[in-house]
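The values are calculated or read from the model by the stated rules, or taken from the named source; none is laboratory data. On a predicted model such as this, the values are computed, not experimentally measured, just so you know. Note that each Cβ is placed from the backbone with ideal geometry, even for glycine, and that neighbours are counted across all protein chains shown.
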Amino acid sequence: MEETKKKEQSGSTHKIGIYLWIWGLLFVLSFFSYLVDWYQFQGMLRWSLILFFMFLKAGLIMAFFMHLYWERYALVNVLLWPMTAIVCFVALMIAEGKYTLFSRLFYFFVGG
Amino acid sequence: MSDPKIEGFELEKGFRGMAKDTGSDQTMFKGVHWGKAMMWIFLLSDTFVFSCFLIAYMKGRASTPAEWPNPSEVFALDAFGVPVPLLLIALMTFVLITSSGTMALAVKYGYERNRKMCGYLILATALGGLTFVGMQAYEWSKLIHEGVRPWENPFGAAQFGSFFFMITGFHGTHVSIGVIFLFIYCYKVFAGHYEEGKRGWFTKMKGDYVEVEILGLYWHFVDLVWVFIFAFFYLW
């Protein structure tokens, strides 16, 4: 009986504690990122705090709620490496955005 | 979910395991349910869609000489006569995280074959998602009343409206679709379809609680996207 019951389960489960911990952490991190706006931090401090809390939250959700931490390494790599393409795209568009702003200001106010 | 076992195979962990999985000329994602792998690949493509939206928003915001509306003022909400910055957005964030947590627990109870707990938690998740969509509808109608349009708004740069409606609208669509499926799966769990091994969606294969985990992946992804929208659109 015990044998068949074990076989039926398609995945082993984790202790409830870990989910509750992650859940609590997500609440706390969201609250902190809200405080960033509440206290009106500006400049580099604001941006780095926003990014820090964002990546921490995203990492916790993916690793534990979406079980990526326990998945096969092959799947993890297939999912995470394409993200580098997004990082490249962001870098390209930052440069492009600056150039567009520069040429707009130049031709609007200085003239061609 | 963890430590898959395949008879006759010694599955190694980590980097060596990956090298052997990819080079073995058989199945690459060993011990991973096909539906789960497919959902992950769909989510990867969805990640690219949302990235394109957010990158377009970044580029649009960076390249306009007009001043960008201050989100903490635009999205402020009056509570007892005092404007509180981003109040509604903070509530929406907490509602979505709560529903993400209940979904994670539903997956756990599903694998433990605790039918009732799993069903109730999926129901709670669906209600959380419904609340989120409701709040978003309120947010949209409030901004539309204030004169925000995709082509103009009274607060600043004209591009603001189009990015706002496009990004939050696309995310809201994802939430709405998720809510519909959550209700369907809630019914399927309560009806015991995963215990009897009834056939699943558009397939002759037998249903199993792994389907709850697949739905969970989608729902957590919706929450994940909101984390990025919250950071870049509302806080930045």
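Tabulated results
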read-out: Hits in the range A:28-45 - residues which are more than 8 Å from chain B (Cβ to nearest Cβ) and either in a helix (DSSP H, G or I) or in contact with a helix residue (DSSP H, G or I) (Cβ under 8 Å, 6 or more places away or on another chain) (or both); value: A:V28, A:L29, A:F31, A:F32, A:L35, A:F41, A:G43, A:M44, A:L45
read-out: Hey, B:P154 in a strand (DSSP E or B) and not polar (S, T, N, Q) or not; value: no
read-out: Candidates B:G134, B:G216, B:G147, B:G172, filtered to the one that is in the same structural domain as B:F48 (by TED's automatic domain parsing) and more than 17 Å from the chain's Cα centre (by Cα); value: B:G147
read-out: Selected residue [in contact with a helix residue (DSSP H, G or I) (Cβ under 6 Å, 6 or more places away or on another chain) and over 30 Å from B:I6 (Cβ atoms)] from A:A58, A:A91, A:A63; value: A:A58
read-out: Residue match in the range B:156-167 (condition: within 15 Å of the chain's Cα centre (by Cα), within 21 Å of B:V95 (Cα to Cα) and in the same structural domain as B:L215 (by TED's automatic domain parsing)); value: yes
read-out: Residue under evaluation B:V222, criteria (1) within 12 Å of chain A (Cβ to nearest Cβ); (2) surrounded by fewer than 23 Cβ atoms within 10 Å (Cβ to Cβ); (3) at pLDDT 90 or above, criterion not met; value: (2)
read-out: Residue check, B:G197 within 12 Å of another protein chain (Cβ to nearest Cβ), without any contact (Cβ under 8 Å) to a residue 12 or more places away in the chain and surrounded by fewer than 23 Cβ atoms within 10 Å (Cβ to Cβ); value: yes
read-out: Contacts under 6 angstrom Cβ, first residue in the range B:60-81 being at pLDDT below 90, partner of a type in the set (S, T, Y), 6 or more apart; value: B:P71/B:Y234
read-out: Check on B:Y187, closer than 26 Å to B:D223 by Cβ, in contact with an Asp or Glu (Cβ under 8 Å, 6 or more places away or on another chain) and assigned by TED's automatic domain parsing to the domain that holds B:T64; value: no
read-out: Filter pass, B:G216 being on the phi > 0 side of the Ramachandran plot and within 14 Å of another protein chain (Cβ to nearest Cβ); value: no
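Let's see how each residue does on (1) more than 7 Å from chain A (Cβ to nearest Cβ); (2) buried (at least 17 other Cβ atoms within 10 Å of the Cβ); (3) not in a helix (DSSP H, G or I):
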{"residue": "B:A56", "(1), (2), (3)": "yes, no, no"}
{"residue": "B:P69", "(1), (2), (3)": "yes, yes, yes"}
{"residue": "B:D78", "(1), (2), (3)": "yes, no, yes"}
{"residue": "B:A90", "(1), (2), (3)": "no, yes, no"}
{"residue": "B:V95", "(1), (2), (3)": "yes, yes, no"}
{"residue": "B:T102", "(1), (2), (3)": "yes, yes, no"}
{"residue": "B:K108", "(1), (2), (3)": "no, yes, no"}
{"residue": "B:R113", "(1), (2), (3)": "yes, no, yes"}
{"residue": "B:G119", "(1), (2), (3)": "yes, yes, no"}
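A quick yes/no check of all residues on (1) under 23 Å from B:E213 (Cα atoms); (2) in contact with a Pro (Cβ under 9 Å, 6 or more places away or on another chain):
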site	(1), (2)
B:G31	yes, yes
B:K36	yes, no
B:D46	yes, no
B:Y57	no, no
B:G60	no, no
B:T64	no, no
B:W68	no, no
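For every residue, the table says whether it meets (1) without any contact (Cβ under 8 Å) to a residue 40 or more places away in the chain; (2) closer than 14 Å to B:W40 by Cα.
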| residue | (1), (2) |
| --- | --- |
| A:H67 | yes, yes |
| A:W70 | no, no |
| A:A74 | yes, yes |
| A:N77 | yes, yes |
| A:P82 | yes, yes |
| A:C88 | yes, no |
| A:E96 | yes, no |
| A:R104 | yes, no |
